[in-house]
Each structure stands twice: as C-alpha cells, then as structure tokens.
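The structure under discussion appears below in the form of structure tokens.
The values are calculated or read from the model by the stated rules, or taken from the named source; none is laboratory data. Just so it is clear, the model here is predicted, and its values are computed rather than measured. Note that each Cβ is placed from the backbone with ideal geometry, even for glycine, and that neighbours are counted across all protein chains shown. Protein only, heavy atoms only, side chains kept; ligands, DNA and RNA dropped before computing areas. Shrake-Rupley method; radii C 1.70, N 1.55, O 1.52, S 1.80 Å.
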Amino acid sequence: TRAQDAHLTGFALLAPYAHQFFVEYPHLVYTEPAARQSAAFALASAGFVVMLATSGHADAAITASPSETVILRAQPNPEQYGVHGACAPREKAWVDTLRETQRGRLPIDMTELGRVLRGLLDAGGDVRRLRNYARRMGYLDRVDAALADIADEESFTDQQQALHAGFRS
C-alpha cells in the first residue's frame with residue numbers, strides 16, 4: 001500500500017495528551033476505499049488483527065490484544081481532511097477517536113476524551129481545524145459542547161455533558 005493510501009489516526013496519536021495511563025487500545029487506520037483490501041492484507045501480514053469498520057454493520061468483538069488490533073475504515077480524499085503523509089493531524093485524530101468511540105469500536109470514556117481534548121488544545125492544537133473537521137464529520141455539536149464556557153444541562157446529551165466535564169476538569 002502506498003503511504004498516501006492510508007493514514008494512522010485515533011488514540012495512537014493522542015496518547016501524549018491523556019491524563020490517565022492507558023494500557024492498550026486498538027489502532028485506527030483510515031484508508032482510501034480502493035486501497036482498503038490491500039491495506040488489510042498488508043496489516044494482517046505484519047501480524048495485526050484487522051477489523052473492518054463499516055457503516056450499518058454490526059461490529060465484531062475485539063478478540064486479540066487491543067495493541068495488536070487495527071480498526072480499518074475506508075475514508076476517501078484524505079487531503080480533504082488535511083492529511084498529508086502517514087499520520088492524521090492530531091485534531092482529526094481526536095474527532096476520529098470520538099467517532100469510533102461513539103460507534104462502540106473504542107472503549108474510551110467520554111470524560112477522558114474531553115480531558116484529552118483539553119491537553120491537545122493546551123499543547124497548541126488548532127481549534128479552527130478541529131471544528132472544521134468535526135463539522136464535516138457531523139460531530140460539531142459535541143466539540144462545541146466540550147468547548148462551551150457553561151454546561152447547558154437541559155440541552156446537552158449525556159455524551160456532550162461528559163465531554164464538557166472532562167474538558168473543564
């Protein structure tokens with residue numbers, strides 16, 4: 001697989017911003033749709049257990065060690081999301097982690113994900129880039145809830161409240 005056909009994203013790029021010690025999480029790799037099969041083969045050949053993330057498809061349980069597992073999602077046009085090279089920008093990695101957590105593919109607590117967001121932004125993360133990517137992926141309401149000065153208890157979902165609480169702690 002060519003380097004531009006797939007990129008690493010998710011918690012593998014966010015671990016430096018975590019407040020808790022995490023033992024193991026699956027890796028997230030997003031790939032061009034046409035390269036998904038070759039990427040899956042290359043990853044499996046390298047010793048990883050590959051789980052394909054597909055919309056509307058029931059997810060299989062992770063049976064291997066999470067650090068040996070790759071969740072592989074097809075995502076066209078990585079340049080549209082600011083990906084140049086083998087790793088996503090950290091803002092994209094955060095939204096991708098949120099996406100896969102919400103879909104039940106990653107066992108990350110939303111409060112901790114809010115704390116990771118705080119650490120990422122405190123380390124110079126780009127709010128504009130984060131919000132732009134979140135808007136494109138349909139998660140802007142969650143980002144804005146985390147960033148809000150005050151939690152709107154009546155209109156925030158439980159997930160939004162948890163992200164906000166983590167970001168503000």
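Please go through region 16-41 and pick out each residue that is open to solvent by 50 Å² or more (accessible area, probe 1.4 Å), out of contact with any Lys or Arg (no Cβ under 7 Å at 6 or more places or on another chain) and modelled with pLDDT under 85.
Scanning region 16-41 gives PRO16, GLN20, PHE21, VAL23, GLU24.
Taking ASP141 as the residue in question, decide whether it is among the acidic types (Asp, Glu) and more than 17 Å from LEU14 (Cα to Cα).
On the way: among the acidic types (Asp, Glu): yes; more than 17 Å from LEU14 (Cα to Cα): yes.
The answer is yes for ASP141.
Suppose the filter is at negative phi, assigned to a helix (DSSP H, G or I) and open to solvent by 70 Å² or more (accessible area, probe 1.4 Å); does ARG129 pass it? It would help to see each step written out before you state the result.
Details: at negative phi: yes; assigned to a helix (DSSP H, G or I): yes; open to solvent by 70 Å² or more (accessible area, probe 1.4 Å): yes.
So ARG129 fits the description; yes.
Any residue at all in region 93-105 that's in contact (Cβ under 8 Å) with a residue 12 or more places away in the chain, under 20 Å from ALA35 (Cα atoms) and not in a helix (DSSP H, G or I)?
Checked against the condition, which is being in contact (Cβ under 8 Å) with a residue 12 or more places away in the chain, under 20 Å from ALA35 (Cα atoms) and not in a helix (DSSP H, G or I), region 93-105 yields no hits at all.
Run down ALA148, ALA134, ALA123, ALA165 and say which single residue is within 20 Å of ALA12 (Cα to Cα), aliphatic (A, V, I, L, M) and open to solvent by 10 Å² or more (accessible area, probe 1.4 Å). Even if it seems obvious, please write down each step before you answer.
Values: ALA148 fails: within 20 Å of ALA12 (Cα to Cα); ALA134 fails: open to solvent by 10 Å² or more (accessible area, probe 1.4 Å); ALA165 fails: within 20 Å of ALA12 (Cα to Cα).
When all the criteria are applied, what remains is ALA123.
Looking at (1) closer than 27 Å to GLN159 by Cα; (2) modelled with pLDDT of 80 or more; (3) out of contact with any Lys or Arg (no Cβ under 9 Å at 6 or more places or on another chain), which is the one condition that is false for VAL50?
(1)
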